[in-house]
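Laboratory data are not the source of any read-out in this text; all were calculated from the coordinates shown. Nothing here was measured: the structure is a model prediction, and the numbers come from that model. Cβ atoms come from the backbone with ideal geometry, glycine included; neighbour counts cover every protein chain shown.
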């Protein structure tokens, strides 16, 4: 009889065969292992019910943040709604794959509703904050100009940090003004960029980029090695500290999207640039513009300024 760990191994093989994103596979794997810990062992697949997943969700709702983190101490706050939903979705995804490919006769998780996540307002930076952030990098040095170019790339293209670190030199088409990006699901897309970034990328490539050591990555350490996601996260957050702004790479992606819409860009084009499969996420940015309008009206309302 196949156990849950057997099912997880099958899922990982299926996911690799389907060319699923390694990050997605890792997230789902960690979710199922956490579920196994909750169940107290490695039960047979046919003994696991929908109520097991529901009880898992209830237990997660009472779990402190970072309880299992290897480097951070647990916090007094509970897990976020989004984190709980991600764990539940990971477990349900494995059972869905196993049922679809005939490894289990039914999917007990099929009718389990995922925990609701309240939609939060998307945070972004203003034009002045972006300018202040970029001004923190010393563009006269190789390191500073590289960091300036990285942050400007996020602001001008909205690509993800994982997409930026994978950019090869051949992916940066300075003549046409496009980046060839490999997205989360390994789908390739072309992302346009503007004149200011064109000049920065050209200058970095010809004056500040070191000779690569056995790789063809575009953004490199000073020693010529590829940057990884954690390094870029630290770079951006570090300049945020200097600027007095809490910032990270994905916030710059949100900033790009909102500034693009505010400056007159259309949502369909934005969807293609960001690599979203549907317009759902793009519409969230449009809703944010509506929030901007409401805030502006609250500040300048003619009716409210009347002295009646």
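Computed from the C-beta positions of residue 46 and residue 182, the FRET efficiency with R₀ = 35 Å rounds to 0.35.
Between 0 and 90 degrees, the angle of helix 22-39 with respect to the longest Cα principal axis of the chain falls at about 40 degrees.
The angle between the Cα long axis of helix 229-243 and the longest principal axis of the Cα atoms of the chain comes to about 50 degrees, rounded to the nearest 10. Subtracting the Cα-Cα distance of residue 190 and residue 242 from 0.36 nm times their residue separation leaves 15.4 nm of extension gain.
Using the alpha-carbon positions of the range 127-299, Rg (one decimal) and Dmax (whole number) come out as 16.3, 57 Å. Size check on the range 224-286: the Cα extents along the three principal axes, sorted descending, read 36, 28, 18 Å. Secondary-structure-derived ellipticity at 222 nm for the chain, considering helices only, amounts to -16500 deg cm²/dmol, per-run term -39500 (n - 2.57) for DSSP H runs with n ≥ 4. Across the range 1-53 the C-alpha pair distances fall into 10 Å bins from zero in the proportions 24, 52, 24, 0 percent. Per-peptide packing, taken as the mean over residues of other Cβ atoms within 10 Å, places 8-14, 194-200 in the sequence 8-14, 194-200 from highest down. Normalised by residue count, the chain yields a Cα convex hull volume of 200 Å³ per residue. With angles folded into 0 to 90 degrees, how steeply does helix 249-262 sit against the dominant principal axis of the chain? Use alpha carbons for both and round to 10. Relative to the chain, helix 249-262 is tipped by roughly 60 degrees.
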